[in-house]
Structures are given as structure tokens and as C-alpha cells.
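Visitor: First the structure, then my questions, so here it is.
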Amino acid sequence: MLNGEKAVEYGNPRIMCRNISQRWFGCDDAGTEVALMMAELKIERIKYDRTKEDSYLDAIAYLTMALAFMQEGEKNEQR
């Protein structure tokens, strides 16, 4: 997901979340928080209309991004 079809279509999710992090938080190291907030948006959409499968898949994708960013951060901290 981080390097697959959606990344080709929309761009690198790490860069996307870093750029949003800069705008929202004034820093470039809050990618995990950005991904979590985007997942929350999708969850709110699910609560509004539980029949939109795409919202479920998007929420899962954002949570997967958050997990990957968190794990990547932990690896970098251990070095």
C-alpha cells in the first residue's frame, strides 16, 4: 500500500503526510498523527453512512500508514 498502486496514483504517502504535518503542526515529524487524523475522518464518514465500502478501505489504509510510520520511527530511534 505504501509503495503500490495508490502511491503511484497519489504520490508517496510518507511525503504527503510529512507535507501535511508541516502545514498542520509546523513540523515534519508528525506523519503518524496525520495518518491517524485522516483515519478518524474516514471513521466519521462511516458513522454517517455505513454502506460506503470505500470509506472502510480508506480508514484501514490510513491506519496501516500510521502503523508503518510508527514502526519506522521506532527503528530510527533504536539506531
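Visitor: What percent does the relative contact order of the chain come to when contacts are Cα pairs within less than 8 Å and at least six residues apart?
Guide: Worked out over the chain, it gives 26 percent.
Visitor: Going highest first, how would you order 23-33, 54-64 by mean Cβ packing within 10 Å?
Guide: Put in order of decreasing packing, that is 54-64, 23-33.
Visitor: Further question on the same structure: What list of ³J(HN,Hα) couplings, whole Hz, do you get for the stretch 51-60 from phi and the Karplus terms 6.51, -1.76, 1.60, once you set θ to phi - 60° and write x for glycine and proline?
Guide: Karplus values, whole Hz, x for Gly and Pro: 9, 8, 4, 4, 5, 4, 5, 5, 4, 4.
Visitor: Ranked by accessible surface with a 1.4 Å probe, highest first, in what order do MET38, MET70, MET65 come?
Guide: I get MET70, MET38, MET65, largest accessible area first.
Visitor: Continuing with the same structure: Expressed as a rounded percentage, what relative contact order does the stretch 1-40 have, with Cα pairs under 8 Å and six or more residues apart?
Guide: Computed over the stretch 1-40, the figure is 28 percent.
Visitor: At q = 0.12, 0.23 Å⁻¹, what log₁₀ I(q)/I(0) does a Debye calculation on the Cα points of the chain give, no solvent, two decimals?
Guide: -0.36, -1.09
The values are calculated or read from the model by the stated rules, or taken from the named source; none is laboratory data. Keep in mind it's a predicted model, so treat the numbers as computed, not measured. Note that we place each Cβ from the backbone using ideal geometry, even for glycine, and neighbour counts take in every protein chain shown. Surface accessibility is based on the protein's heavy atoms, side chains included, excluding ligands, DNA and RNA. Shrake-Rupley method; radii C 1.70, N 1.55, O 1.52, S 1.80 Å.
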